[in-house]
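Undergrad: Have a look at the structure that comes next, please.
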Amino acid sequence: MPLVSCKEMLIRARREGYGVGSFNIFNMESAQAIVRAAQEEHAPVMLQIWSGFDPAPGLSVLGAIAIAEAKRASV
């Protein structure tokens, strides 16, 4: 289930009776680690970026990283 909207993901989770973790990413490595763990567990996750966080790479870069990792994910 790579790259779907939060609404779509949560509707499916509610219908099928499971929870979805949502984790902040701070850089490419954290995004990759979260996606890798999700794939190992065969569990969907949401990658999020806190709006108040002022990361060195910038929000647009972290957004692009999150999208790229989601598109490659098998969950």
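Undergrad: Angle, helix 6-16 long axis vs. longest principal axis of the chain, Cα atoms, 0 to 90°, nearest 10?
TA: 30
Undergrad: I'd like the accessible area for LEU10: 1.4 Å probe, protein heavy atoms, all chains in place, Å² to the nearest 10.
TA: Looks like 80 Å² after rounding.
Undergrad: So what's the angle, to the nearest 10 degrees on a 0 to 90 scale, between helix 28-41 and the longest Cα principal axis of the chain?
TA: Compared with the principal axis, the helix lies near 10 degrees.
Undergrad: Among [x] 12.3, 39; [y] 11.7, 33; [z] 11.0, 31, find the value of Rg and Dmax of the Cα atoms in Å that was calculated from the structure presented, and write down its label.
TA: [x]
Undergrad: First measure r as the distance between the Cβ atoms of TYR18 and SER60, then evaluate 1/(1 + (r/R0)^6) with R0 = 30 Å and state the FRET efficiency to the nearest 0.05.
TA: About 0.40, to the nearest 0.05.
The values are calculated or read from the model by the stated rules, or taken from the named source; none is laboratory data. All values reported here derive from a predicted model rather than from experimental measurement. Positions of Cβ are generated from backbone atoms using ideal geometry, with glycine treated the same way; all protein chains shown enter the neighbour counts. For accessibility, only protein heavy atoms count, side chains too; no ligands or nucleic acids. Shrake-Rupley method; radii C 1.70, N 1.55, O 1.52, S 1.80 Å.
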